[in-house]
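The values are calculated or read from the model by the stated rules, or taken from the named source; none is laboratory data. Here the structure is a predicted model, which is why all the values come from computation and not from measurement. So basically every Cβ, Gly included, is an ideal-geometry build from the backbone, and we count neighbours across all protein chains shown.
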Amino acid sequence: MMDTREVKFDLRTKLMLLLVVNLFLLLSHALIFELVLVFVCLLLITIYGQTKSALHFLTAFFIMLGIEQLATPHMNGFAFTLVSFLVVSLRKFLPCFILGKWILTKTEVSEFVAVMWKLKLPQTAIIPLSVIFRYFPTIKEEWTSIRAAMKMRGIHVSLEHIMVPLLMSAVNVSEELSAAALCRGLDNPGVHTSLVQVKFGHHDIAVWVITGVLAILTLIMKGVGIL
């Protein structure tokens, strides 16, 4: 597996990739183009050590593709509309889910905040976004703790027994994270400094150039009716 310790992309590059992939999916309805985007995204997270997640995403993609190609032709009426809409919508946005997971797992909160300041976003946006970004990694931990408590008490899995504790935990954790963010001085109107150095590297420049070329080629192919 490729050593990625020196291949670290700037968060702005990651967000650009997420935006461009989303635009590509909206521009094209060709299945082969969708397959290429999915496999490129899967290759990216595989290189960064997320092989298990890549296999899960790949399995989900082929399951949804199989349902659309094999099951929906035998349906009609409301069932066809509902299943087709859900399957196609989830499959279309699967590359965005893949890149979103990669961004969340491979981006430190300090880097995220530093980039937000670099982009000169208002404080009213930076503080909520930093709290949300910090909370996502805790969802899995809270989910595991709730399931363990239910199993220990012999409670069967139900939406009520999972969602109520999860929502209560979300409220408490969000308040704690907000207080921690304010203690760190995120609401200070003055100039902020950070130990994280935010700058584009050679890999970022290469990705921006390649993505720009691909975007131009995609628009040209879309214009001539290839996609």
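Here are the numbers:
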quantity: Filtered residues of the stretch 210-222 (kept if small (Gly, Ala, Ser) and either closer than 12 Å to Ser28 by Cβ or in contact (Cβ under 8 Å) with a residue 12 or more places away in the chain (or both)); calculated: Ala215
quantity: Answer from Ser130, Ser89, Ser145, Ser169 - the residue that is in contact (Cβ under 8 Å) with a residue 40 or more places away in the chain, assigned to a helix (DSSP H, G or I) and out of contact with any Lys or Arg (no Cβ under 8 Å at 6 or more places or on another chain); calculated: Ser130
quantity: Considering residues of the stretch 21-36 that are closer than 29 Å to Ala114 by Cβ and crowded, with 18+ Cβ neighbours inside 10 Å only, the residue modelled with the lowest pLDDT; calculated: Phe24
quantity: Residues within the stretch 196-206 that are among the hydrophobic types (A, V, I, L, M, F, W, C), assigned to a helix (DSSP H, G or I) and within 18 Å of Val115 (Cα to Cα), tallied; calculated: 1
quantity: Filter result for the condition that a residue is within 22 Å of the chain's Cα centre (by Cα) and either in a helix (DSSP H, G or I) or crowded, with 16+ Cβ neighbours inside 10 Å (or both), over Leu70, Leu121, Leu104; calculated: Leu104
quantity: Lone unmet requirement of (1) at pLDDT 70 or above; (2) surrounded by 11 or more Cβ atoms within 10 Å (Cβ to Cβ) for Ile210; calculated: (2)
quantity: Flag for His202 being at pLDDT 70 or above and in the same structural domain as Glu142 (by TED's automatic domain parsing); calculated: yes
